[in-house]
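Novice: Dropping the structure in here first, questions after.
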Amino acid sequence: MGLTSALAFGYDSGYCGSSCRATMATAYFNSATRQPWTDLRIRPSMMLGAATLAEAQTLIARGVAADNSWSTSSASPATGQAVLIRTNDVARSVRYNDFRSMVPSPVARLTTNYIDNFGGAATNNFVANQNNLMFYFTGLPTVPHINSNSFLPGAVADHLTSLGGMTEPDRA
C-alpha cells in the first residue's frame, strides 16, 4: 500500500507484506463530488517531490503560477503541443491505445501529435528541440534529449517508469 493510498483510504495491512496486492478500487474515480470526505469518506492526497519545506513551497508556487496560464485571455503562447508516443518498448507503451481511443476535443491552441513507433528505430522513441510542450507522454526507461525541449507552465510529462520523475526546472 502506497503512502498516498494509506492517507486517502486509511491504512490497511491487507495490502502490505510479503505479497503485494492492488489497492481497492475507489469510488472517487470519475466521481462528480466536490466533498470527497463528506460524500465518500476519502481524503484526496498527493506527494510533493521535495526534500525540504522550502522546496515544497517552491514547487507549489510554480503550480500556482501555472494556474490559468492557458486561458484564452492570458499572454500564453499562441499554440501548445501534446506529444503522445508509442515507443518500441512494449512494456512502457501500454497507454498508447488509450491515447488513440480518446475522443478528440478541440482545445484552443493545442495541437495533439500521436507518434506510433511500434517496432521502429530507437531514434523515433522521443522528440527533441520541441517548443511549447504542454503534454509529453512516452514509454522509455530514460528519455533522451528531454532538456532540449521547452515546456509550458503547468506542463505534464511522463514516461511510465518509477523513480524517473523530475520536479525541478532545468537549471542548466
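Novice: Just checking, how many residues over segment 88-116 are in contact with a Ser or Thr (Cβ under 8 Å, 6 or more places away or on another chain) and closer than 18 Å to Ile146 by Cα? Walk me through how you get there before you give the answer.
Specialist: Taking segment 88-116 and keeping what is in contact with a Ser or Thr (Cβ under 8 Å, 6 or more places away or on another chain), we get 92-93, 104, 108-111.
Applying the additional criterion that residues be closer than 18 Å to Ile146 by Cα yields 92-93.
The total comes to 2.
Novice: I'd like to know if segment 141-159 contains one or more residues that are modelled with pLDDT under 85, more than 25 Å from Gly49 (Cα to Cα) and not in a loop (DSSP other than H, G, I, E, B).
Specialist: The answer is no, given that none of the residues of segment 141-159 is modelled with pLDDT under 85, more than 25 Å from Gly49 (Cα to Cα) and not in a loop (DSSP other than H, G, I, E, B).
Novice: For the condition at pLDDT 85 or above and in a loop (DSSP other than H, G, I, E, B), what is the one hit in Phe135, Phe118? Give the steps one after another, and end with the answer.
Specialist: Details: Phe135 fails: in a loop (DSSP other than H, G, I, E, B).
After ruling out the rest, the residue left standing is Phe118.
Novice: Could you list, in sequence order, the residues of segment 56-106 that are charged (D, E, K, R) and at pLDDT below 85? If you could, list the steps in order and put the result at the bottom.
Specialist: Filtering segment 56-106 down to residues charged (D, E, K, R) leaves 62, 67, 86, 89, 92, 95, 98, 100.
Answer for segment 56-106, where residues must be charged (D, E, K, R) and at pLDDT below 85: Arg62, Asp67, Arg92, Arg95, Asp98, Arg100.
To keep it simple, each residue is scored yes or no on (1) assigned to a loop (DSSP other than H, G, I, E, B); (2) at pLDDT below 80.
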site: Ala8; (1), (2): no, no
site: Tyr11; (1), (2): yes, no
site: Ala25; (1), (2): yes, yes
site: Phe29; (1), (2): yes, no
site: Asp39; (1), (2): no, no
site: Ile42; (1), (2): yes, no
site: Ser45; (1), (2): yes, no
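The values are calculated or read from the model by the stated rules, or taken from the named source; none is laboratory data. For clarity, every value in this text was computed on a predicted model and none was experimentally measured. Here Cβ is always computed from backbone atoms with ideal geometry, including for glycine, and neighbour counts include all displayed protein chains.
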